[in-house]
Amino acid sequence: MKSNFKLVGHRGNPQRYPENSLASVRSAISIGVDAVEIDVQLSRDGVCMLLHDESLLRTTGIEKTIGELSAVELEAISAHEPLRFADKFNSTPLPSLEHFCRALANEAVEVFIELKAESLKRYSAEYYASAAISASQLLAGRRTLISYDEAILKALVKQSDVAIGWILDAYDEHQLGRARALQADFLIINKKLLPKDKRPLWSGTWQWFVYDSVDLSEAQGLAERGVDYIESWDPSVLAL
């Protein structure tokens, strides 16, 4: 049976491997996902690195922020999530976006790259957009750059024809108007923010991407409402 949605591994397959690691992403690909989603923050020297939090504490055990360290220093750190996995995945590299893209150059999956807005404390949206576009160039044609921050998305559009996705923080008429103006390729939203009455989602030039589901019947129901991509923290439970 073929699913009626495209399955996305949320930071790879983080139920079983450290999030945003190459091992996590490769595990998701082995399960059969259609796409993976990763997070990016900028290092002290302006290099795109795979990291969700501004702080390194949760994923590496180090009490520093990403903006305090250079890319070379960060790549020497193990991002093995010691609080969840103890030393099971010790020596898990914290990769740069460029390194990640080289590793996935021969894979067929789509890649959603979230540009975290915390990096705007140190760099402009224009610089951030340029750095991300350049670092992910190997995946051109199957990458989508996504963000909550509209300034980042507008900078991406100004600099390139790269596909973009806007992560919504609400589902209401105000957001709908902004979505139409932005003309994003994807609208991305937490399933908890959707109306409870099962109505079809807004139609437009975009595709819908909903997170985070770990229930197959729920995912199929979301697809029936017009959701194209469904992201899961545990993609194995949605793989058919």
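Values in this text are rule-based calculations from the coordinates and carry no lab data. Note that the coordinates shown come from a computational prediction; the quantities given were computed from them, not determined experimentally. Positions of Cβ are generated from backbone atoms using ideal geometry, with glycine treated the same way; all protein chains shown enter the neighbour counts.
Some points to look at:
- Candidate lysines - alpha carbon under 28 Å from Lys198, same-chain residues fewer than 8 apart omitted: Lys2, Lys6
- Residue order, fewest to most beta carbons within 10 Å, for Val109, Val72, Val227, Val36: Val72, Val109, Val227, Val36
- Considering only Cα atoms, the convex hull volume of the range 29-74 works out to 89 Å³ per residue.
- Taking a Cβ cut-off of under 10 Å around Ile188, the surrounding Lys, Arg, Asp and Glu residues balance to a net charge of -3, with basic ones at +1 and acidic ones at -1.
- Dimensions of the chain based on its C-alpha atoms, expressed as ranges along the principal axes with the largest first, amount to 48, 39, 32 Å.
- Inter-centroid distance (Cα atoms) of the range 130-148 relative to the range 1-20, Å: 20
- Pairwise centroid distance, computed over Cα atoms, of the range 25-88 with the range 184-240, Å: 26
- Radius 11 Å from Cβ of Pro95, net charge of other residues (Lys, Arg +1; Asp, Glu -1): -1
- Relative contact order (%) - the chain, alpha-carbon pairs under 8 angstrom, separation at least six: 21
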